[in-house]
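Q: Here it is, the structure, as structure tokens.
Every read-out reported here was derived from the displayed coordinates using simple, explicitly stated rules and does not represent laboratory data. As the structure is a computational prediction, the values presented were derived from the model and not from experiment. Cβ placement follows ideal geometry from the backbone for every residue including glycine, while neighbour counts extend to all protein chains displayed.
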Amino acid sequence: MKKPSIAEVIVVEGRYDKNTLAQVVDATIVDVGGFGVFNDRQKLSLLRKLAAARGLVVFTDPDGAGFVIRSHLKSVIPPEQLKHAYAPDIYGKEKRKKKGGREGKLGVEGMKPEVLLDALRRAGATFDGEESPVRGEPITKADMLDAGLIGDGSSAARAALVKELSLPEHLRANALLEVLNLLYTRTEFLERYCQIR
């Protein structure tokens, strides 16, 4: 079976993540060497060039460390050149490891191919031969406020929605808004949320 081809460069934390994704998609995949990206000026320079030329899909693990790396990349690369793929919180350990990570979650390397492809599609990655969805009016922070997903007492509702959508628990409100705009039109979101409520 032919692997789907992705136009953007996919950025992952480490070489095992890269190896796993390379078995699932035909794409340029760059590993940042975990926290090494904070001090690797050459790697950051390369990422900036790749982002400007082709765009990046950041695909880090769903744990705290993955979100720190993702946040760093968001701070050094223009937002219009970034897309974000989020692996769901799936508890377990990778086969090659003797024990799981501190948070007990699988990283990108431990995810099944269909989970990885779903996360890349949700991120809006450009799959060769597939049309990109046409998006209508975007969901706004005001919509999230009206839906009870931000503001006083909203953390439980946001956590429930994140869980329902199989997104990582570390997802903050702004990142959730980005994901919601990839998954739903404004109308779909409001209709769906009203059904949940």
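Q: What is the ratio of the Cα radius of gyration of region 66-117 to 2.2 N^0.38 Å, where N is its residue count, to two decimals?
A: 1.34
Q: Could you state the per residue volume, in Å³, of the convex hull enclosing the Cα atoms of the chain? Present the calculation step by step, with values, prior to reporting the outcome.
A: Details: hull volume 26.3 nm³, N = 197.
Dividing the Cα hull volume of the chain by its residues yields 134 Å³.
Q: Another question about this same structure. Per-residue ellipticity at 222 nm for the chain, helices alone: DSSP H runs ≥ 4 residues times -39500 (n - 2.57), over residue total, nearest 500 deg cm²/dmol?
A: -12500 deg cm²/dmol
Q: Normalised by the residues of region 141-196, what does the relative contact order come to in percent, with Cα pairs under 8 Å and at least six apart?
A: 31 percent
Q: Take the chain, connect every pair of alpha-carbon atoms lying under 10 Å apart with a spring to form a Gaussian network, then pick out the residue of G129, G110, G34 with the largest mean-square fluctuation.
A: Maximum fluctuation in the GNM of the chain, among the listed residues, is at G129.
Q: Then there is this: Convert 10 °C to kelvin, take the viscosity as 1.306 mPa s, use the Kirkwood radius over C-alpha pairs of region 79-143 as Rh, and evaluate the Stokes-Einstein diffusion coefficient in µm²/s, rounded to a whole number.
A: 110 µm²/s
Q: Which residue fluctuates the most in the chain, going by a Gaussian network model with Cα springs under 10 Å, if the choices are E178, E80, E169?
A: Sorting by GNM fluctuation, first place goes to E80.
Q: Using unit Cβ charges (K, R positive; D, E negative) and no other charged atoms, how large, in debye to the nearest 20, is the dipole of the chain about its Cα centre?
A: 780 debye
Q: Related question: For region 107-118, what does the Karplus curve 6.51 cos²θ - 1.76 cosθ + 1.60, with θ = phi - 60°, yield as ³J(HN,Hα) per residue in whole Hz, taken in order and with x for Gly and Pro?
A: For region 107-118, the Karplus curve yields x, 3, 5, x, 7, 6, x, 5, 5, 5, 5, 4 Hz.
Q: Out of residues 5 or more away from D31 or on other chains, whose amide H comes under 5 Å of its own, with H placed 1.01 Å from N in the peptide plane?
A: Close amide H contacts, sequence-distant or interchain: V12.
Q: Next up: In nm, to one decimal, how far is the N174 label point from the R186 one, both placed 7 Å along Cα→Cβ?
A: 2.1 nm
Q: Check region 9-123 and count each lysine pair with an alpha-carbon distance under 25 angstrom, considering only pairs eight or more places apart or from different chains.
A: So the count of such lysine pairs works out to 27.
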